[in-house]
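Student: Handing you a structure now.
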């Protein structure tokens, strides 16, 4: 594991240390917008097999790095590997999104939940992490990740994607104790899962809270942020003599960014509905910020993309502690050349903000 | 039209005048959760026919008022009557949501848009308004409404509901001029449409901006709020010697509520992701606030519903200027008795805040 890291700009930016430019990666950078990804996915047959086959997961993780001078790699996996390992039955039907075959619907379901051993039921993830680290050979750091307990919980209870989160919110308002038991169990599993990823070679950790924004501020604190905070506090701080930075990302968090700043994380993900200048003011420079180009900007021409990249860089402003990213995952219909134009613009325009 | 209004608590609350209690109505109160609505809808055959038949639109508008002591009625209609009247071809396919048959896809489409006459192509809406006013006979005020130009524009450009708004945002970033032309046209049409509703008998006006929250703050100001402001400024201020209050509602507006407060409206709709106490602070009591119970609270038991109603009332706090509502439309699977429990709780618990 003691490969020397050739590009640590991403890790240093997360720790608000000086960097010569703003590092950049893209959420879902190993994804359907890349023809080479679609080819590997076709070879795998289905999405879950792709996640569960370390060779193929490694292959797609590295694909965007062959194309673009990205400053980080992110493990190719899914936030629903945990409910899968818990035996809830996960399927990805084409065009349907994820389906959980045995959703959690009552208090009895909650108390009888299995706690998988990450080195057994989720061994394939750890094997992928080790393999990717080996293949990366120190080019850039590798990000490990998990979903937030609230977000993973929504799938466990709703049985799949949801528009209104009626079932889990029904539980939240009628039987909050059972929901807390579920979220606490997911938290314990996630801490083990992420620490295993760190042991296998993950050099930074990101927690994705896609659905925290459907909660009222008080419920967000109680049912989402609290558990993310517990996870962060339970993570290994160092590996191979290096700090493992933690990024917390609640999509659409808006003013709740000020609350997230109280968590013991190093960086906060910000989507495009909050200006980075405003987010930076909210965290008083106590955390690094990651974001926040609207993914739809990549539908525009390369010239317009460059303009919008410049706006995001200017919105963060001078100084360290900014990791450039999209505000959400790259869309499957984006032209890969447009993603390249964004990355190029970040690398060309950002040094001016680091003098 | 000169019926004397027996219950004007809603109108007075919107103007921040003293009221003995907090008035309450529900977004989508005439909707699928009511068995009597489903019966009328079955009689009509399809959703669009229901909107276009004044007798039936009147019938469903009044149904929730027969069941509950609501403080306002809202015209039964749809925000997509405007693209329909513009000849873009509107269909509601079961389970598919709305479909626009001839979406707006290029600059040429935008310049050739027809401006319908609200008293011709949208006559059925005005007939419904007049009929509802007659049948209401002064029981409570009638709310007229329209979608925001940005929100209606998303359907016109995307051709229906969207997850990522790729087409309209592509236009926004690549060809903002064409998008402004579209939004400006929709604004002019909407001003005429709403003034016709006022002339026909609408006693308050609400603008629904369901999708403003997918924009960055700067784009929200430029492409959504600006046009809602133009609409508000173009509306008749009085009818029958009474002020016609205007409510602007952007779902998930969060900190942008402070910007909405600069619009010449009387009230701002707030969803449950912002505390009313925080919203009230943002508007410095310059506007009334409408909201903001999470619609999912109605999945809980009547006792829990009462607790959550109490929290919303306490969050707004003492004084006038609060209209109780859900933070979004009532879900189709809600038990009608639970809606009744919410309304009862508002009427019983709110007088304490108006002493």
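Only the coordinates and a few stated rules stand behind these numbers; no lab work does. Values in this document were obtained by computation on a predicted structure and should not be read as measured data. Cβ placement follows ideal geometry from the backbone for every residue including glycine, while neighbour counts extend to all protein chains displayed.
Student: If one takes the longest principal axis of the Cα atoms in chain A, at what angle in degrees, from 0 to 90 and to the nearest 10, does the Cα axis of helix A:35-44 lie?
Tutor: 30 degrees
Student: On to the next question. When A:354, B:347 are ordered from fewest to most other Cβ atoms inside 10 Å of their Cβ, what list results? Write down the numbers at each step before the final one.
Tutor: Values: A:354 15, B:347 18.
Neighbour counts put them in this order, fewest first: A:354, B:347.
Student: Counting only Cβ atoms, what residue of chain B lies nearest to the axis that sends chain B onto chain A, and how many whole Å off?
Tutor: Result for the B and A rotation: B:254, 2.
Student: Continuing with this model, one more query. When you look at the Cβ of every residue in A:250-257, what mean number of other chain Cβ atoms sits within 10 Å?
Tutor: 3
Student: Please give the contour-minus-distance gain from residue B:218 to residue B:307: 0.36 nm per residue of separation, less the Cα-Cα distance, rounded to one decimal in nm. Show your work: numbers first, answer last.
Tutor: Working: separation 89, 0.36 × 89 = 32.04 nm, distance 3.77 nm.
Between residue B:218 and residue B:307, full extension yields an extra 28.3 nm.
Student: When B:106, A:156 are ordered from fewest to most other Cβ atoms inside 10 Å of their Cβ, what list results?
Tutor: Values: B:106 10, A:156 27.
By the 10 Å Cβ count, ascending, the order reads B:106, A:156.
Student: Okay, moving on. Give me the inter-chain shielding for A:158-168: mean count of other chain Cβ atoms within 10 Å, whole number please. Present the calculation step by step, with values, prior to reporting the outcome.
Tutor: Working: counts 0, 0, 0, 0, 0, 1, 9, 3, 7, 2, 1.
Whole-number average of other-chain Cβ neighbours for A:158-168 is 2.
Student: Let me ask another. Rounded to the nearest 5, what % of the DSSP beta bridges within the protein assembly as shown are antiparallel ones?
Tutor: About 25 percent, rounded to the nearest 5.
Student: Sticking with this structure for a sec: Distances from residue B:320 to the same position in the other copies: list them in nm, one decimal, shortest first, using label points 7 Å from Cα along Cα→Cβ.
Tutor: For residue B:320, the other copies' label points sit at 5.7 nm, shortest first.
Student: If you don't mind, there's one more thing I want to ask. How far apart are the residue A:45 label points across copies, placing each 7 Å from Cα toward Cβ, in nm, shortest first?
Tutor: When each copy's label point is compared with this one, the spacings are 4.9 nm.
Student: Further question: Helix B:123-136 sits at what angle to the longest principal axis of chain B, using alpha carbons and giving 0 to 90 degrees rounded to 10?
Tutor: 10 degrees
Student: In the P(r) worked out for chain B, what percent of Cα pairs fall beyond 27 Å? Write down the numbers at each step before the final one.
Tutor: Details: 27378 of 62835 pairs.
Beyond 27 Å sits 44 percent of the P(r) for chain B.
Student: With labels modelled as points extended 7 Å from the Cα through the Cβ direction, what inter-label distance (nm, one decimal) is found for residue A:335 paired with residue A:107?
Tutor: Taking the simple label geometry, residue A:335 and residue A:107 are separated by 5.9 nm.
Student: Averaged over peptide B:211-217, how many Cβ atoms belonging to another chain are found within 10 Å of each residue's Cβ? Please report the intermediate quantities before stating the final value.
Tutor: Working: counts 0, 1, 4, 5, 4, 14, 8.
Neighbouring Cβ atoms belonging to other protein chains average 5 per residue here.
Student: For chain A, what is the percent of antiparallel DSSP beta bridges, rounded to the nearest 5?
Tutor: Working: 7 of 31 bridges.
Percentage antiparallel, nearest 5: 25.
Student: I would also like to ask the following. Could you let me know the centre-to-centre spacing of the range A:61-109 and the range B:66-93, using Cα atoms, in angstrom?
Tutor: When both Cα centres are located, 39 Å separates them.
Student: Counting other beta carbons within 10 Å of each residue's own, what order do A:216, A:286 fall into, fewest first? List each step's numbers first, then the result.
Tutor: Details: A:216 23, A:286 13.
Ordered by Cβ neighbours within 10 Å, fewest first: A:286, A:216.
Student: Residue A:137 label points, 7 Å along Cα→Cβ, one per copy: pairwise distances from this copy to the rest in nm, shortest first?
Tutor: 8.7
Student: Also, quick follow-up: Mean residue ellipticity at 222 nm from the helices of the protein assembly as shown, using -39,500 (n - 2.57) per DSSP H segment of n ≥ 4 over the full residue count, to the nearest 500 deg cm²/dmol?
Tutor: Working: 32 runs with 315 residues, N = 710.
After summing the helix terms and dividing by residue count, I get -13000 deg cm²/dmol.
Student: Tilt of helix A:336-349 relative to the longest C-alpha principal axis of chain A, in degrees (0 to 90, nearest 10)?
Tutor: Between the helix axis and the principal axis of chain A, the angle is about 60 degrees.
Student: If you scale each eigenvalue of the Cα gyration tensor by 5 and take the root, what three semi-axes come out for the range A:200-256, rounded to whole angstrom and sorted largest first? Don't jump to the answer; show the numbers that get you there.
Tutor: On the way: eigenvalues 135, 24, 12 Å².
Three semi-axes, in Å: 26, 11, 8.
Student: Once you sort the root eigenvalues of the Cα gyration tensor of the protein assembly as shown as a ≥ b ≥ c, which label holds: rounded (a/c under 1.5), prolate (a/b larger than b/c) or oblate (the other case)? Numbers along the way, then the final one.
Tutor: Numbers: a/c = 1.91, a/b = 1.61, b/c = 1.19.
Since a/c reaches 1.5 and a/b is larger than b/c, the shape of the protein assembly as shown is classed as prolate.
Student: Right, another one. Any chance you could check the Cα centroid distance between the range B:169-237 and the range A:4-59 for me, in angstrom?
Tutor: If you average the Cα positions of each part, the centres end up 41 Å apart.
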